[in-house]
Amino acid sequence: MLDGLSDIFVVTLSLQQVIVNLVVAFISGFLISIIYRLTNRGVGYTRSFIDSLVVLSMITSVVIMVIGNNLARAFGLVGAMSIIRFRTAVKDIQDIVFIFFALTAGMASGVGLHILSIVGVIIIGITLVIFSKRKLLLRPFYNFLVQFHFSGDIEKGIPPYQKILDKYCKSYKLINVRSTGRENEIELSYYIHLKKDTDQHRLFRELNAVSGIENLNFYYDEENV
């Protein structure tokens, strides 16, 4: 039994294997960071997150090398990692995908599957780039939330803003009507589907020029691009 416990502290990897595994993990993580920069469609990204993807691949590679084929080490590391609490919220699902991407690449390099790690990163990376550029392959949607205050009687005939929405929108839907507290003024919110990408500027200018419209705002819905 004592002999079995002593095996926990025995690592059979040579220095050369460790260095090669870490280099492959670094290359894989670096490629993943480049793919992240190419595919990121959010408002921005932090340098620390990109650097963390590279380091995460290398750390995972070290963890896998430490575990090796030893079940006792695996349970020991799981117990050690369970005390860590991550309180940083991940705002984008894509970021979670890239975290798992880096973990997987690090695992592959840690067990010595270098070709699998590199080729897997390249193929998955190409897939992610294609998905991020899918608007070049498919007909895109241009969805916005339009919100404005309108002073006037909307019960008498067609409101002036509705004609403009008909002109530039393939479809639109009224999702909220709220009183602003002022006499004869209401706040309207429309979810719209533009006919063309360039129509957003024309639509904004013409709505803003309508008498009775104030506080006009466009909110871009990135998830439906």
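The values are calculated or read from the model by the stated rules, or taken from the named source; none is laboratory data. Computed from a prediction, not measured in an experiment: that's the story for all the values here. For neighbour counting, all protein chains shown are included, and Cβ atoms are generated from backbone atoms with ideal geometry for every residue, glycine included.
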Restricting to the range 1-36, what's the tally of residues that are modelled with pLDDT of 80 or more and loosely packed, with under 10 Cβ neighbours inside 10 Å?
2
Please enumerate the residues belonging to the range 23-34 that are touching a residue at least 40 places away in the same chain (Cβ under 8 Å), among the hydrophobic types (A, V, I, L, M, F, W, C) and closer than 15 Å to residue 103 by Cβ.
24, 25, 31, 32
All-but-one check, residue 125 against (1) at pLDDT 85 or above; (2) loosely packed, with under 11 Cβ neighbours inside 10 Å; (3) under 26 Å from residue 93 (Cβ atoms); (4) not acidic (Asp, Glu), failing number (2)
Identify the residue in the range 63-118 that is at pLDDT 80 or above and either of a type in the set (Ser, Thr, Tyr) or more than 24 Å from residue 26 (Cβ to Cβ) (or both) and, among all such residues, is surrounded by the most Cβ atoms within 10 Å (Cβ to Cβ).
109
Would you be able to say whether some residue in the range 159-167 is surrounded by fewer than 15 Cβ atoms within 10 Å (Cβ to Cβ), among the basic types (Lys, Arg), at pLDDT 85 or above and farther than 30 Å from residue 104 by Cα?
yes
Residue pairs qualifying under the 7 Å Cβ cut-off, at least six apart or on distinct chains, with the first in the range 171-190 being under 16 Å from residue 219 (Cα atoms) and part of a strand (DSSP E or B) and the second being at pLDDT 80 or above and basic (Lys, Arg), are 187/178; 190/173
